[in-house]
Amino acid sequence: MSSWPLIHRLLANLGIVVIDELHSYRGVFGAHVALVLRRLRRLAAGYGARPAFVAASATIANPVELAEQVVGAPFVEVHGDTAGSGPRRFLFWRPPLRGDQSANVHENVFLEAATIFAEALLAGYSGILFGRARVSVERMLLDVQRLLGPQLAGRVSAYKSGYRADERAQIEAGLRSGQLRGVVSTNALELGIDVGALDVAVIAGYPGSTMSFWQQAGRVGRRAEREAVVVLVAGDDALDQFHIQHPQAFFGRAMEQAAVDPSNASILVGHLVCAAAERALEPDDLALFPTNAARLVERLADAGELSQGPPWRAAARGAHSEVSLRGTSRDPYTLQTERARIGTIEPPYLQRECYPGALYLHNGRGYRVASLDATTRVVRLVEESVDTRTSPIVEIAVAPREESVATREIAVGEARFVATVGPLRVREIVAGYRESYRGQSVTSQLDEPLESVLDTIGLWLDLPENLEADEPSLHALEHALVNAVPLALLCDRRDIGSSSSANRLYVYDFAEGGIGLAEKAYHVLETLLARAATLLRECPCTEGCPSCMHLPGCPQGNNSLDKVGGMALLEGHGVGGARVVERVLRRGGSTSPDDRPVTRRRRLRAVADADLRERYGARPKWLEVGGLAQAAHEGLVVVWSIGRGVAEVQPLTGGEAHWVKIIELSPPRPT
């Protein structure tokens, strides 16, 4: 840096650093930014500067805690909102049921969202359609263009990570100028990008957190004189259905807690080498970094990445080019067509989306993956039609890789579960793929299966053998628990992975080295298990459905799931006994027309509900899970679960969920 006099002058005179959109600095990206800011503070201090840090966020429950984790310095919270905006109307849209109503399966959320978005564009409005995954965004773009017809199809574009920088800039400029009427995007357009004055935001499925929802909704309604519309189209999974059924709780709900872990060794080692390349590391400098920095510096010196010190210097040039702020991978692959480079992709998405034979979509065009070269890190693509779809066949094996960090017992009914948190190794193998075309499906095996290894942090639950937790019941418990995690933690389902076998289930951070989610989940497991039980108990289906147990991307295709067994485990009961009771109830009674399967299921549901009322004791009719209540000393609260004479509530103004006596609650006062 000695050849950069302007940078030296900037550092010497640095007075204030403003961090906008603080809530976006979480997970892997947040850990990288946290370490970049520590390096900045170190360099500025070398020139005598002590800059003040100011952070801004409108959608986070723990702004002070997150700011201190990101910057590594104390903060004071200041409330206030001066952002200008116009009126916004919110519409929660549940697609109609498909087939047998007792199956509780709705029409496809992505096609439904694409249809609503296309209707808005045809009516002359401009807007943005959000999807949760890159593949679904490309599929929705195709549907929107088909519904718009040739005259308007060219005025809609996709937008996602992996696009070239010039391509993203061109799309953003097209939205601002009006040349583009709409864009179909992942959360890449959720934050900090001015895309002009848009009228409509359609969100295809709950985006995984209340924070993300409000950020996506905030892309529209920026003109004071014109009303904007935000449409949330609910999918079939548990979170979507929970929020569509409890809109009062959704709009009154406090923002989630954010998690960031700058001590993640997989991330920290790269930044320590960068810091040593910027200026030799002195022992006193390590106080700016997480407590494991000193140990990692010694290991980097032993590995030849740093000189023996102190002070420690980078052993080679080019350290900065080896650090990717958006991920832990240092090996992005180039997406190369016959004509041009169209973008990049990193593991683990590489194995799941770009295995040989996969159909890869890019801004409305289809490409077949011809080969994947690990030496040159190039994915070679051949242009092809978009009529078919491919999905990987994935096998997952999880096991602890080192000594656990902490263990504790959890009371679940009369049973005791043992919860452990520690390092895990996750092996994921893509052995083949399924290709679908007009309702027909063909399975193909890869000549050389693709294997990836993820060293991360996770928690695991060991269940007592007397509960008779076989594969279907344990699989159901696993899915219900994973569906409950985003209700309490600021994460998307794709931020966490899971697996289960032989009386044990794993939940882990889906990022190299971990991002702090599993550790947070470990401390609130009782709450997570209770909410998982609520999801199963309140769902009207009889055998499990996308609203309570199904998980997108489940390696077993959401097969081998037993709702009765999973519910028994969540209540601490034996699976065998629960199944016997279910069979007796199903066989009992006459053979009248009222014993048709749907009628019988409803009657069984009524029996179960009566049992719940008896077990939980009398409670007011107005009090329900997911609803609002007036607490004697806290004002309005959200009701998360109900026990015998008590309820778990969370204040709308924020704070932790806790238990209160039901007699201390009253109906919410009209506003």
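The values are calculated or read from the model by the stated rules, or taken from the named source; none is laboratory data. Remember, it's a predicted structure, so these values are computed and weren't measured experimentally. Cβ placement follows ideal geometry from the backbone for every residue including glycine, while neighbour counts extend to all protein chains displayed. Side chains included, ligands, DNA and RNA excluded: accessible areas come from the protein's heavy atoms. Shrake-Rupley method; radii C 1.70, N 1.55, O 1.52, S 1.80 Å.
For Arg39, are the conditions met, namely being within 16 Å of Pro290 (Cβ to Cβ), open to solvent by 20 Å² or more (accessible area, probe 1.4 Å) and not small (Gly, Ala, Ser)? Answer is yes for this residue. Only a single criterion out of (1) farther than 30 Å from Leu381 by Cα; (2) modelled with pLDDT under 90; (3) among the polar types (S, T, N, Q) is not satisfied by Ser324, namely (1).
In this structure, is Val33 in contact with a strand residue (DSSP E or B) (Cβ under 6 Å, 6 or more places away or on another chain), modelled with pLDDT of 90 or more and either open to solvent by 80 Å² or more (accessible area, probe 1.4 Å) or within 30 Å of Asn187 (Cα to Cα) (or both)? No.
Table: residues versus (1) open to solvent by 90 Å² or more (accessible area, probe 1.4 Å); (2) over 29 Å from Gly27 (Cβ atoms); (3) within 34 Å of the chain's Cα centre (by Cα).
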residue	(1), (2), (3)
Leu286	no, no, yes
Thr291	yes, no, yes
Arg295	yes, no, yes
Glu298	yes, no, no
Asp302	yes, yes, no
Ser307	no, yes, no
Pro311	no, yes, no
Ala314	no, no, no
Val323	no, no, yes
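Of all the residues in segment 385-412, those that are open to solvent by less than 70 Å² (accessible area, probe 1.4 Å) and more than 30 Å from Arg504 (Cβ to Cβ) number 4.
Could you go through segment 89-98 and let me know if any residue there is modelled with pLDDT under 80, open to solvent by less than 50 Å² (accessible area, probe 1.4 Å) and touching a helix residue (DSSP H, G or I) at 6+ places or on another chain (Cβ under 6 Å). No, the conditions are met nowhere in segment 89-98. Of all residues in segment 430-463, those satisfying the criterion of being within 24 Å of Tyr508 (Cα to Cα), over 21 Å from the mean Cα position of the chain (by Cα) and open to solvent by less than 50 Å² (accessible area, probe 1.4 Å) are Val430, Ala431, Leu450, Leu461, Asp462, Leu463. Screening Thr375, Thr344 for residues that are open to solvent by 30 Å² or more (accessible area, probe 1.4 Å) and in a loop (DSSP other than H, G, I, E, B) leaves exactly one candidate, Thr375.
If we scan segment 64-80, do we find a residue that is in contact with a strand residue (DSSP E or B) (Cβ under 9 Å, 6 or more places away or on another chain), open to solvent by less than 50 Å² (accessible area, probe 1.4 Å), at pLDDT below 85 and aromatic (Phe, Trp, Tyr)? No, because not a single residue in segment 64-80 is in contact with a strand residue (DSSP E or B) (Cβ under 9 Å, 6 or more places away or on another chain), open to solvent by less than 50 Å² (accessible area, probe 1.4 Å), at pLDDT below 85 and aromatic (Phe, Trp, Tyr).
Scanning segment 10-30 for residues that are open to solvent by less than 50 Å² (accessible area, probe 1.4 Å) and among the charged types (D, E, K, R) yields a single hit, Glu21. Quick one: count up the residues across segment 113-142 that are over 14 Å from His362 (Cα atoms) and of a type outside the set (S, T, N, Q). Result for segment 113-142: 18. Among the residues making up segment 1-42, those that are β-branched (Val, Ile, Thr) and either more than 24 Å from the chain's Cα centre (by Cα) or farther than 21 Å from Glu77 by Cα (or both) are Ile7, Ile16, Val17, Val18, Val28, Val36. Among the residues of this structure, Gly366 does not count as one that is more than 27 Å from Val260 (Cα to Cα) and open to solvent by 20 Å² or more (accessible area, probe 1.4 Å). Considering only residues of segment 155-170 that are surrounded by 14 or more Cβ atoms within 10 Å (Cβ to Cβ) and more than 20 Å from Tyr125 (Cβ to Cβ), which is modelled with the lowest pLDDT? The residue in question is Gly162.
Screening segment 102-154 for helices (runs of 4 or more DSSP H) wholly inside it with 2 or more residues that are buried (at least 21 other Cβ atoms within 10 Å of the Cβ) and out of contact with any helix residue (DSSP H, G or I) (no Cβ under 6 Å at 6 or more places or on another chain) returns the ranges 109-122, 134-148.
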